[in-house]
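Engineer: Sending over a structure as structure tokens; questions will come in a sec.
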Amino acid sequence: MKSGKKHLYELPVNDISTLGTYAEQLQREAEARGLTLPPSARLQIGEPSFRTPEHIRLAAQQSIEQELMTYGPAAGWPWLRELLAQKIQRVNGYQVESQHVAIGMGGTGVLQATFTATVGSGDEVLIPNPCWPFYPMQLATCGATAVPYPLDPASEWYPDIAQLERLVTERTRMLVINTPGNPTGAVFPRAVIAELLDFARRHDLYLLSDECYDQIIFEGEHCSPATLLEPDEFENGRFIGIYTFSKSYAMTGWRIGYVVTGAPLIKTITQVLSAEFTNLATMVQRAAAAALTGPQACVIEMREAYRHRRDRTVSLLKEYDRYIYSPHGAFYALVNVESRNGEKRQGRQFALDLLHAHNVAVAPGSGFGSVTDPYVRISLAASDEEIERGVRAICEFADR
């Protein structure tokens, strides 16, 4: 039987998506047997509980009615690239032109195109541990090797430069950072970003900065490495910034993201985007333009809702003596579910048992890296009711 490339076939299954499917299956089976499960709490996935704002939806509808849905430029329509350049200066604090921006199918799509354009067989890429589970999967499709570097829960989930120095080899080509972070919610301060940039310079590495949660900050300041670069170094392609509309504007299903880097590297990434997707639908790009130019109160409203849910989660964890740290950005929290009697407990088995017992779905920490084996990740993008019930169930189940 043919199964394609063996190293891809044998990649671990993504628990985040499979647990959601399994939760729905259990719900259907219970209903078929005439059973009533406890109310569901789906905390496993980073899916905003908000609907895409109306002015964004209307822009897509108007585009369908008024424009031909033709092929477009592989890097995106010039009018949207210009708006994105303006957004980068306004929100992220560094100066770019439209030729420094390329648009793709979500943050995931531009990440994949960027990895394909920059690394390949035999190359090593330093990625956080814990990290978003797609990094190692995407690098595997390029033939590159992911090399995890640990983030320290005792120091706000920041990286340790000394640890990075021990991991770098002659095959290392790129350092990946993610701030605000998934799954940690960490926001790296300027001093940490400066150290990471210096490390990349010393070893002549690409520095890929995943900034998909750049507008979801509760405390501190989002600092992009690009703000610390001279124009010539930026143009040379040292820095690669990854962004998306999914989180800030509740546009996960619209699938639109963008990459920002020096013009020569954008040309190479655009070649990959052209081969992979041809172009993104015009109506989606019009919706993105409306998001950038329309009212921004929706971004503030959603961020404040996530802040409120973060605060309630922290309060509940303190109530149950499970508090370890406060996420300062993004919309996730890691909860340590280790037994108080010292008994070894894996986050994955805990997640499965919790789902069966309480109809609460969480993401096992093992899906993000070895550092978070005894943790589960919860999404603060779920509803207030789901978070209240879910966090209580997690804590009480952990203490059983």
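Engineer: Only one of Q62, Q44 is over 18 Å from G106 (Cβ atoms), touching a strand residue (DSSP E or B) at 6+ places or on another chain (Cβ under 6 Å) and surrounded by 13 or more Cβ atoms within 10 Å (Cβ to Cβ). Can you tell me which?
Structural biologist: Only one candidate passes the filter, namely Q44.
Engineer: Criterion first (buried (at least 16 other Cβ atoms within 10 Å of the Cβ) and either over 30 Å from D384 (Cα atoms) or out of contact with any Ser or Thr (no Cβ under 9 Å at 6 or more places or on another chain) (or both)) does T270 satisfy it?
Structural biologist: Yes, satisfied.
Engineer: Residue under question is I269, and the condition is that it be in a helix (DSSP H, G or I), in contact (Cβ under 8 Å) with a residue 24 or more places away in the chain and either within 21 Å of the chain's Cα centre (by Cα) or not assigned by TED's automatic domain parsing to the domain that holds I217 (or both); does it hold?
Structural biologist: In short, yes.
Engineer: May I ask you to verify whether Y158 is closer than 27 Å to Q44 by Cβ, over 16 Å from the mean Cα position of the chain (by Cα) and either crowded, with 18+ Cβ neighbours inside 10 Å or among the hydroxyl-bearing types (S, T, Y) (or both)?
Structural biologist: Yes, satisfied.
Engineer: Right, next: Which residues, taken from the stretch 170-182, are in contact with a strand residue (DSSP E or B) (Cβ under 6 Å, 6 or more places away or on another chain) and over 17 Å from P133 (Cα atoms)?
Structural biologist: R171, T172, M174
Engineer: Only one of (1) buried (at least 19 other Cβ atoms within 10 Å of the Cβ); (2) touching a Ser or Thr at 6+ places or on another chain (Cβ under 7 Å) fails for V314. Which number is that?
Structural biologist: Evaluating V314 over (1) buried (at least 19 other Cβ atoms within 10 Å of the Cβ); (2) touching a Ser or Thr at 6+ places or on another chain (Cβ under 7 Å) leaves (1) as the failure.
Engineer: Anything in the stretch 349-367 that is outside any helix (DSSP H, G or I) and either in contact with a Phe, Trp or Tyr (Cβ under 9 Å, 6 or more places away or on another chain) or surrounded by fewer than 20 Cβ atoms within 10 Å (Cβ to Cβ) (or both)? List them, or say none.
Structural biologist: Residues satisfying the conditions are V360, A361, V362, A363, P364.
Engineer: Do we find a residue being polar (S, T, N, Q), surrounded by 13 or more Cβ atoms within 10 Å (Cβ to Cβ), at pLDDT 95 or above and part of a loop (DSSP other than H, G, I, E, B) anywhere in the stretch 329-348?
Structural biologist: No: zero hits.
Engineer: Next question. If the Cβ limit is 6 Å and pairs must be 6+ apart or interchain, which residue in the stretch 294-311 that is closer than 14 Å to G46 by Cβ pairs with which residue that is of a type in the set (V, I, T)?
Structural biologist: So the pair list comes out as R309/I387.
Every residue, every condition in (1) assigned to a helix (DSSP H, G or I); (2) among the polar types (S, T, N, Q); (3) in the same structural domain as R255 (by TED's automatic domain parsing), yes or no:
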| site | (1), (2), (3) |
| --- | --- |
| A162 | yes, no, yes |
| E170 | no, no, yes |
| G185 | no, no, yes |
| F199 | yes, no, yes |
| C212 | no, no, yes |
| Q215 | no, yes, yes |
| E219 | no, no, yes |
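Engineer: If only one of G241, G262 is touching a strand residue (DSSP E or B) at 6+ places or on another chain (Cβ under 9 Å), closer than 30 Å to A194 by Cβ, surrounded by fewer than 24 Cβ atoms within 10 Å (Cβ to Cβ) and in contact (Cβ under 8 Å) with a residue 40 or more places away in the chain, which one is it?
Structural biologist: Going through G241, G262 in turn, just one is touching a strand residue (DSSP E or B) at 6+ places or on another chain (Cβ under 9 Å), closer than 30 Å to A194 by Cβ, surrounded by fewer than 24 Cβ atoms within 10 Å (Cβ to Cβ) and in contact (Cβ under 8 Å) with a residue 40 or more places away in the chain: G262.
Engineer: Another one. Might you let me know whether the stretch 211-226 holds any residue that is more than 19 Å from C131 (Cα to Cα), without any contact (Cβ under 8 Å) to a residue 24 or more places away in the chain and either buried (at least 18 other Cβ atoms within 10 Å of the Cβ) or more than 16 Å from the chain's Cα centre (by Cα) (or both)?
Structural biologist: no
Engineer: Determine whether A393 is in contact with a strand residue (DSSP E or B) (Cβ under 9 Å, 6 or more places away or on another chain), modelled with pLDDT of 95 or more and not β-branched (V, I, T).
Structural biologist: yes
Engineer: Here is a further query. If the Cβ limit is 6 Å and pairs must be 6+ apart or interchain, which residue in the stretch 163-189 that is under 18 Å from V147 (Cα atoms) pairs with which residue that is assigned to a helix (DSSP H, G or I)?
Structural biologist: L164/F199; L175/A200; I177/L196
The values are calculated or read from the model by the stated rules, or taken from the named source; none is laboratory data. Since we're looking at a predicted model, the values are computed, not measured. Counting neighbours? That spans all protein chains shown, and the Cβs are built from the backbone with ideal geometry, glycine included.
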